[in-house]
Structures are given as structure tokens and as C-alpha cells.
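**Student:** Take this structure, written in C-alpha cells, and hold onto it; I'll ask about it next.
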Amino acid sequence: MSTELENPRFPVGLRVIVVDDDPLCLRIVEKMLQRCQYEVTTFTRGADALTALRERRRDFDIVLSDVHMPDMDGFKLLEHIALELDVPVMMMSANCATDVVLRGIIHGAVDYLLKPVRIEELRNIWQHVVRKRREDSGGEHGAGGLGFGSGDPTEGFSDEGSEGSRDPHGSGGKKGNSKRDRVGAGGSPSKK
């Protein structure tokens, strides 16, 4: 029985779409994801990302989208993906207002990252893909219940660039720094 931890290359090759109308932010997030050894496809327009997802659904594992974009905001993109494509979507924004974060989570975002996004937050995004596949398979235990076909949770992930790190999490054992980790009981970001 194979698990995520038994394959030292997992999650190398995770296929991520990043959508942000800010070219600088887009490039920075792209480079950080590439440092995590993920395959990255970028778009500056939500409509273009949605078209690519519709045409090549099986080519992508997860979407990371900015909230505020001019052509189609991240919430509208999230809505289309949730209804049509069932791919995990993470939202990112400099806006940490509780109502904005809550709106994203209620509408199906698997996480909400505050900008500037840090590489520590991106290293573990693969967990959302595994959770989604487990849910889709009925939440069965063991590798066969992960929805990866052969029972291998790494099926479909590229082996390219797998030399180097033996840490399958890429986190060095550190906890992520998502919005949920940084928001205190009062709903405002806590200092780290």
C-alpha cells in the first residue's frame, strides 16, 4: 500500500495555474512555485485561465487566484471552477478583511493566502490536491481511496527535476503560514 510519504518525489511536478493581473506579483509567485518544483502556468486574466481549464482540465491539479482582477474577479473564477471543473482553488490577496476571506472560503476556496505570499505557504499546497482526491473517492482510507487510479497518490505527477530534496513536504517540518494560521481569535492577523 503506497502513501504520499513513501514516494520521495511527491509532490514534484504538481501542476499549478496562477492567475493575477499584477505581472510582478505573478512572476514572483511563479518563481516561488518553480522553486518548489511545481509546473506553473500563469495568466493575467481570469477568463483566459478559465478557458485553459475548460479545454485542458486534466492538465492542472490546483488553481491559485488573486481576488481582485479587472476582467473577472477571483470569486467569479472560483464560482465557475466549482460549478464546472471541480479543481481545488486557493485565493490570494492583500485584503485580509474577515468578510473577504470568509466569502472565499464559503464559496469553496480551499485556502486564502495573504500577499505578499511566502514560499513556506506554497510548499504545502499539494495537500489540498490530495484532500480533494480523497473526498472525490468517498474518503476511503489507504492509497486506493485517494482517487489516483492505480492507488498511487503520486500518479500523474512528473518525475522531472526530482533530484535533490528528500523531504516530500518541502516544509522542513514547519507549519504553513496561511490566513488561518495568522488570524487570531479576534479575526485580525496576528504578528509572527
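The values are calculated or read from the model by the stated rules, or taken from the named source; none is laboratory data. Here the structure is a predicted model, which is why all the values come from computation and not from measurement. Every residue, glycine as well, gets a Cβ built from its backbone with ideal geometry; the counts of neighbours run over all protein chains shown. When the accessible area is computed, the model is the full protein with side chains, heavy atoms only, and any ligands, DNA or RNA have been set aside. Shrake-Rupley method; radii C 1.70, N 1.55, O 1.52, S 1.80 Å.
**Student:** Testing the spin-label approximation: label points 7 Å from Cα along Cα→Cβ at R57 and E135. State their distance in nm.
**Tutor:** Modelled inter-label distance: 1.6 nm.
**Student:** What does the convex hull of the alpha-carbon atoms of segment 92-138 project to on average, in nm²? If you can, show how the numbers build up before the last one.
**Tutor:** Values: hull surface 14.3 nm².
In nm², the orientation-averaged hull projection of segment 92-138 is 3.6.
**Student:** Sticking with this structure for a sec: Assuming a ≥ b ≥ c are the square roots of the Cα gyration tensor eigenvalues, decide whether segment 1-92 counts as rounded (a/c under 1.5), prolate (otherwise, with a/b larger than b/c) or oblate.
**Tutor:** Details: a/c = 2.37, a/b = 1.46, b/c = 1.62.
Oblate is the answer for segment 1-92, as a/c is 1.5 or above yet b/c matches or exceeds a/b.
**Student:** Return the carbon/sulfur percentage of the accessible area of segment 1-106, one whole number, probe 1.4 Å, all protein chains in place.
**Tutor:** Numbers: 2650 of 5060 Å².
Answer for segment 1-106 is 52 percent, counting heavy atoms of protein chains only.
**Student:** Under 5 Å between amide hydrogens, which residues at least 5 positions from A94 or on another chain qualify, with H placed 1.01 Å from N in the peptide plane?
**Tutor:** Those lying under 5 Å, H to H, from A94 are K115.
**Student:** Given H placed on each backbone N at 1.01 Å, which residues far from V18 in sequence or on other chains put an amide H within less than 5 Å of it?
**Tutor:** Here the answer is T41, T42, F43, L64, since their amide H atoms fall under 5 Å of that of V18.
**Student:** So, one more: Rg (Å, one decimal) plus Dmax (Å, integer) for the alpha carbons of segment 56-107?
**Tutor:** When restricted to Cα atoms, segment 56-107 yields Rg and Dmax of 11.1, 34 Å.
**Student:** Select from segment 18-117 those trypsin sites (Lys or Arg not before Pro) which occupy a DSSP coil region and have at most 14 other Cβ atoms within 10 Å, ordered by residue number. Could the numbers behind the result be given before it?
**Tutor:** Working: sites: R27, K31, R35, R45, R54, R56, R57, R58, K76, R103; in loops: R45, R56.
Sparse-neighbourhood loop trypsin sites (Lys or Arg not before Pro): R56.
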